[in-house]
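**Q** Dropping the structure in here first, questions after.
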C-alpha cells in the first residue's frame with residue numbers, strides 16, 4: 001500500500017468472556033495488517049477477563065468500566081481510539097488473518113462509503129452452521145461484478161432485514177463515526193442495527209465477497225439459543241424501527257412503518273409456535289414487547305389472544321388466530 005498505512009483501532013467489548021476472549025485477541029493480533037491498535041473494554045466483568053487481557057501486556061490496551069452494556073463499552077473504546085478506521089470485534093468472534101488488510105484496501109477504493117462489509121461464516125466449534133453471512137441477494141450481486149465489490153445505498157434494505165449479521169464483518173471510517181456521534185447505550189435494543197441505519201441514511205455501503213469473519217454461535221450469548229433467537233432479535237429490533245420511523249427521511253417513513261408492521265406479524269406467528277412448543281411465558285412476553293413499539297395490529301392481537309387459549313385446544317390455536325385476524329381485519 002503506497003504511503004503511510006492508516007491506523008485501524010480494533011475495539012473489543014468484553015463481559016465475563018470466559019475461554020473465548022484469548023482466541024479473539026489472538027485473531028486481532030495475528031492480522032497481516034501491521035498498523036493497528038487493540039482496545040479491550042471490560043464492561044464490569046466478574047470473572048478473570050482482566051487477567052486474561054493482562055497477559056498481552058502493551059500489545060493490548062485494557063479499559064475497565066462499571067457494567068453499562070455493549071453500546072457504552074464500544075463508546076468507551078471509541079473515546080480512546082486513535083485510528084483512521086474503526087473495526088468492531090465481539091469478544092467471541094474471530095477474523096481471518098488478512099481481514100484488516102483487505103478491508104483497508106477496499107475502503108481506499110471506495111472513499112464515499114460509510115461502511116465496509118465482508119462475508120464470513122457462522123460456526124460452532126468445528127461445525128460450520130452457515131457458509132455465508134451476507135444475504136443471498138448481495139452474494140448474487142457480488143458474483144456478477146468484476147472484483148467482487150459493490151457500493152450502493154442500502155438504507156431500505158437494512159430496514160427490511162439483517163443485511164449485516166455481526167459487527168465483526170465491518171470497517172467504519174472514523175470520520176463517519178465522529179459525524180454520527182456515539183452508539184446507542186440502550187440495554188434492550190439492537191445497537192448495531194441502529195448504528196448501521198444511521199450510517200446508511202447518509203452514506204453508501206460497500207460489500208465485498210471475501211469470507212473474512214467467523215461468527216461464533218453460543219447459546220449463552222445475548223441472542224440466546226437457536227430455537228428462540230428470532231423472538232429475541234424481534235424484541236431488540238422493534239424499538240430501533242419504531243424510532244427510525246420518526247427519524248427517517250419523510251419519503252422513507254412508509255417503508256419503515258411497513259417493515260415494523262411485518263416484524264410485528266412475524267413475531268406474532270413465531271411467538272405462537274414457540275410458545276406452544278417451548279415456553280408460553282417467554283412467547284407472550286416477547287410478543288407483547290414488540291407490539292408496544294408499533295400501532296395495534298389485528299393479526300398480532302389475534303396471535304397474542306391465541307397464546308392464552310387453554311392447552312386442550314392448542315392444536316386449533318393457529319387456525320383460531322388466523323380466523324380472528326381476518327375478522328379483526330375486516331372490522
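Since every read-out is calculated from the coordinates, none of them should be taken as a lab result. From a predicted model like this one, the values you see are computed outputs, not experimental measurements. Glycine gets a Cβ as well: all are built from the backbone with ideal geometry, and neighbour counts include every protein chain shown.
**Q** Using only DSSP helix segments of four residues or longer, with each worth -39500 (n - 2.57), what per-residue ellipticity at 222 nm results for the chain after dividing by its residue count and rounding to 500? Let's see the in-between values first.
**A** Numbers: 13 runs with 149 residues, N = 331.
Mean residue ellipticity at 222 nm (helix-derived): -14000 deg cm²/dmol.
**Q** For an R0 of 30 angstrom, estimate the FRET efficiency from the Cβ-Cβ distance between residue 108 and residue 48 and round to the nearest 0.05.
**A** Numbers: r = 39 Å, r/R0 = 1.31.
It comes out at approximately 0.15.
**Q** Next question, about the same structure. Going 7 Å from the Cα of residue 247 along its beta-carbon direction, which residues of the stretch 161-197 have the amide nitrogen within less than 12 Å of the resulting point?
**A** The answer is 180-186, 190-197.
**Q** At residue 187 and residue 35, where each label point lies 7 Å from the Cα along Cα→Cβ, what is the point-to-point distance in nanometres?
**A** Distance between the two pseudo-spin positions: 4.1 nm.
**Q** Over the stretch 1-156, one equal point on each Cα, no solvent: what is log10 I(q)/I(0) by the Debye formula at q = 0.08, 0.09, 0.10 Å⁻¹?
**A** Debye curve over Cα of the stretch 1-156, log10 I(q)/I(0) at q = 0.08, 0.09, 0.10 Å⁻¹: -0.26, -0.33, -0.41.
**Q** Quick one: among 308, 215, 95, which has the greatest mean-square fluctuation in a GNM of the chain with alpha-carbon springs under 10 angstrom?
**A** So, out of 308, 215, 95, the one fluctuating most is 308.
**Q** What is the helix-to-structure angle for 253-277, meaning the angle in degrees between its Cα long axis and the longest Cα principal axis of the chain, kept from 0 to 90 and rounded to the nearest 10?
**A** Between helix and principal axis, roughly 70 degrees.
**Q** Counting other beta carbons within 10 Å of each residue's own, what order do 210, 299, 153 fall into, fewest first? It would help to have the intermediate numbers written out before the result.
**A** Details: 210 17, 299 20, 153 12.
Ordered from fewest to most neighbouring Cβ atoms within 10 Å, 210, 299, 153 come out as 153, 210, 299.
**Q** Next question, about the same structure. Which label belongs to the value computed from this structure, given these candidates for volume of the Cα convex hull per residue in Å³: (i) 133; (ii) 152; (iii) 142?
**A** Recomputing volume of the Cα convex hull per residue in Å³ here picks out (ii).
**Q** Sticking with this one: Find how much the distance from residue 282 to residue 59 grows on full extension, using 0.36 nm per residue of separation minus their present alpha carbon separation; answer in nm with one decimal. Provide the component values of the computation, followed by the final result.
**A** On the way: separation 223, 0.36 × 223 = 80.28 nm, distance 4.32 nm.
Result for the pair: 76.0 nm of gain on full extension.
**Q** Sticking with this structure for a sec: Restricting to bridges with both residues inside the stretch 8-216, how much of the DSSP beta-bridge set is antiparallel, in percent to the nearest 5?
**A** Values: 13 of 38 bridges.
Counting DSSP beta bridges with both partners in the stretch 8-216, the antiparallel share is about 35 percent.
**Q** What is the distance, in nm, between label points placed 7 Å from the Cα along the Cα-to-Cβ direction at residue 66 and at residue 180?
**A** The answer from the label model is 2.8 nm.
**Q** Between residue 130 and residue 255, what FRET efficiency comes out of the Förster formula 1/(1 + (r/R0)^6) with R0 = 25 Å and r the beta carbon distance, rounded to 0.05? It would help to have the intermediate numbers written out before the result.
**A** Numbers: r = 27 Å, r/R0 = 1.09.
Once rounded, the FRET efficiency stands at 0.40.
**Q** Quick one: length gained pulling residue 156 to residue 292 fully straight, 0.36 nm per residue minus the C-alpha distance?
**A** My answer for the length gained is 46.7 nm.
**Q** If one takes the longest principal axis of the Cα atoms in the chain, at what angle in degrees, from 0 to 90 and to the nearest 10, does the Cα axis of helix 317-330 lie?
**A** Taking the Cα atoms of the chain, the angle to 317-330 is about 80 degrees.
**Q** How much FRET efficiency would the formula 1/(1 + (r/R0)^6) give for residue 5 and residue 227, where r is the Cβ-Cβ distance and R0 is 51 Å, rounded to 0.05?
**A** On the way: r = 45 Å, r/R0 = 0.87.
In this case the efficiency is close to 0.70.
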